[in-house]
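Each remark here refers to the structure printed beneath this line.
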Amino acid sequence: MTKKAWGGRFQGEPLDYVEAFNASIHFDKILIEKDIEGSIAHATMLEKKGILSEVEAEQIISGLKAVLEDFNAGRMELSVQHEDIHMNVERALINKIGEVGGKLHTGRSRNDQVATDMHLYIKEQVEHIIESINSLKKTILTLAEENIHVIMPGYTHLQRAQPVLFSHHIMAYFWMLQRDGERFSESLKRIDLSPLGAGAISGTTFDIDREMSADLLGFSDIYQNSMDAVSDRDYIIETLSNISLVMMHLSRLSEEIIFWMSEEANFIQLSDQFTTGSSMMPQKKNPDMAELIRGKSGRTTGALMGMLMLVKGLPLTYNKDLQEDKEGIFDAVTTVLGSLEIMNGMLETLSINEEVLEETVSEDFSNATELADYLVQKGVSFRKAHEVVGKLVLKCIHSGKYLKNLSLEEFRQHHRSIEDDIYDQLSTRTSVDRRNSRGGTGTEAVIEQMKRAEKLLK
Ligand code: ARG
């Protein structure tokens with residue numbers, strides 16, 4: 001027999017590099033709290049069911065607590081020889097309380113144990129992500145409220161389309177994040193399930209009570225099928241998918257921030273606290289944080305793809321491939337929490353170059369739809385109006401003017417029904433404020449939108 005926990009049927013030890021390749025302790029150690037929480041619940045249940053004596057359970061539970069204290073104080077030695085966090089904890093427990101520590105693993109396997117740890121970990125992290133999304137939503141709403149008077153160009157194809165309120169533009173991200181938060185909340189129902197007591201694959205001969213251990217761990221329900229319990233990784237895939245979506249939204253917002261901050265646009269300034277300089281070019285102030293978020297969204301989507309590929313061809317039930325389910329999700333969780341926090345800070349501290357925006361929106365053709373709508377109000381068909389305005393725009397381009405610079409005569413040469421009131425209709429402010437259809441960019445409509453958003457935050 002060898003020194004391994006599973007060494008009974010072996011005559012030789014694995015080679016060092018095999019042991020290193022097999023081990024997950026260097027990344028699954030972050031599960032230690034969850035692992036010990038799960039073990040305490042398991043031991044408590046075993047005692048209540050008369051499978052462990054009161055004294056044994058008491059020894060095991062206080063031993064586990066002492067192991068966690070050692071770990072937190074940096075006194076616990078983790079070793080690849082014990083492969084993963086589960087066996088490192090078990091070894092430390094046995095070293096502390098002796099042979100009785102070996103009774104903890106009665107009626108369970110590492111297969112249901114690791115799944116339990118992962119469910120507990122992901123449930124907790126998803127709750128953090130939801131909180132973080134809510135903080136960002138609050139910041140966006142505040143930014144929208146404070147800048148309700150600011151007009152900016154709205155784009156399609158990155159060509160000026162129609163002027164919009166800055167608040168309207170930024171609030172679009174509020175609603176994306178609203179959906180992201182809802183997705184995470186809805187996913188909790190599937191994460192909040194206990195696999196504990198499924199054993200290696202088929203349950204156990206001991207008279208355990210899975211509901212009891214699930215209750216002790218705060219799970220809402222248990223897996224109904226032991227084989228499903230130990231091989232299901234859907235909840236990790238779903239979480240990665242939800243993380244990828246929120247990261248994709250943050251990436252789009254980052255891209256806009258980068259463009260807004262470019263010298264070409266110059267719509268906003270990011271604070272010095274959220275930007276960096278160049279080692280060579282003294283004039284540079286770079287939006288690195290936004291670029292990093294945009295870049296990191298590639299990593300989280302990569303983790304989702306990796307996880308789908310990992311599980312795709314696996315037969316039931318546990319296969320060691322599944323040890324590879326961890327690093328991607330651990331990294332994605334850190335990444336999304338970091339990105340949400342950075343985005344929050346960036347938005348809290350940015351300033352808007354109002355004069356630049358004001359000038360920008362008054363010097364373009366984004367009021368062309370206004371003119372077309374004006375003609376429609378005078379009874380012209382929209383298609384005809386479109387053509388008339390198109391010709392006027394072309395005329396302006398050739399003569400270096402904007403629509404507002406045309407004389408009434410010039411307008412009337414193109415259509416007789418254009419009158420003096422056209423100038424007011426062409427002003428950017430009028431153009432924005434007349435769009436008060438529900439969900440539109442008119443000030444009243446945006447205020448109504450923000451009221452609804454505020455209700456959601458309460
Ligand atoms: N470290 C393993 C993992 O993360 C724990 C489960 C091991 N189970 C087994 N049957 N070898 O997947």
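The values are calculated or read from the model by the stated rules, or taken from the named source; none is laboratory data. For clarity, every value in this text was computed on a predicted model and none was experimentally measured. Here Cβ is always computed from backbone atoms with ideal geometry, including for glycine, and neighbour counts include all displayed protein chains.
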Evaluation of Leu141 against (1) over 30 Å from Val432 (Cα atoms); (2) hydrophobic (A, V, I, L, M, F, W, C); (3) away from the ligand (no atom under 16 Å from the Cβ) (one fails), failing number: (1)
Failed item in (1) in contact (Cβ under 8 Å) with a residue 12 or more places away in the chain; (2) touching a helix residue (DSSP H, G or I) at 6+ places or on another chain (Cβ under 9 Å); (3) more than 30 Å from Ser251 (Cβ to Cβ); (4) not aromatic (Phe, Trp, Tyr), with Lys384 passing the rest: (1)
Helices (runs of 4 or more DSSP H) enclosed by the stretch 1-90 - at least 2 residues per element that are within 16 Å of the ligand (Cβ to nearest atom) and surrounded by 16 or more Cβ atoms within 10 Å (Cβ to Cβ): 25-28, 32-48
Any pair with Cβ under 6 angstrom, 6 or more apart, that starts in the stretch 7-24 at a residue that is within 23 Å of Glu324 (Cα to Cα) and ends at one that is within 14 Å of the ligand (Cβ to nearest atom) and modelled with pLDDT of 95 or more: Glu19/Val80; Ala20/Val80; Ala23/Val80; Ala23/Glu83; Ser24/Asp84; Ser24/Gln323
Residues satisfying the stated conditions in the stretch 337-371, i.e. modelled with pLDDT under 95 and over 21 Å from Glu146 (Cα atoms): Ser362, Glu363, Asp364, Phe365, Ser366, Asn367, Ala368, Thr369, Glu370, Leu371
Subset tally (residues that are in contact with a Lys or Arg (Cβ under 6 Å, 6 or more places away or on another chain), part of a helix (DSSP H, G or I) and hydroxyl-bearing (Ser, Thr, Tyr)) for the stretch 227-281: 3
Boolean, Val311 is within 16 Å of the ligand (Cβ to nearest atom), among the hydrophobic types (A, V, I, L, M, F, W, C) and over 30 Å from Thr275 (Cβ atoms): yes
Check on Asp209, touching a residue at least 60 places away in the same chain (Cβ under 8 Å), more than 16 Å from the ligand (Cβ to nearest atom) and either over 30 Å from Ile130 (Cβ atoms) or surrounded by fewer than 19 Cβ atoms within 10 Å (Cβ to Cβ) (or both): yes
From the options Arg294, Arg252, residue that is surrounded by 19 or more Cβ atoms within 10 Å (Cβ to Cβ), among the charged types (D, E, K, R) and over 22 Å from Asp117 (Cα atoms): Arg294
Contacts under 9 angstrom Cβ, first residue in the stretch 148-165 being exposed (fewer than 11 other Cβ atoms within 10 Å of the Cβ), partner in a strand (DSSP E or B) and of a type outside the set (Ser, Thr, Tyr), 6 or more apart: Thr156/Gln162
Count - residues of the stretch 405-424 that are under 21 Å from Val361 (Cβ atoms), of a type outside the set (Asp, Glu) and exposed (fewer than 15 other Cβ atoms within 10 Å of the Cβ): 2
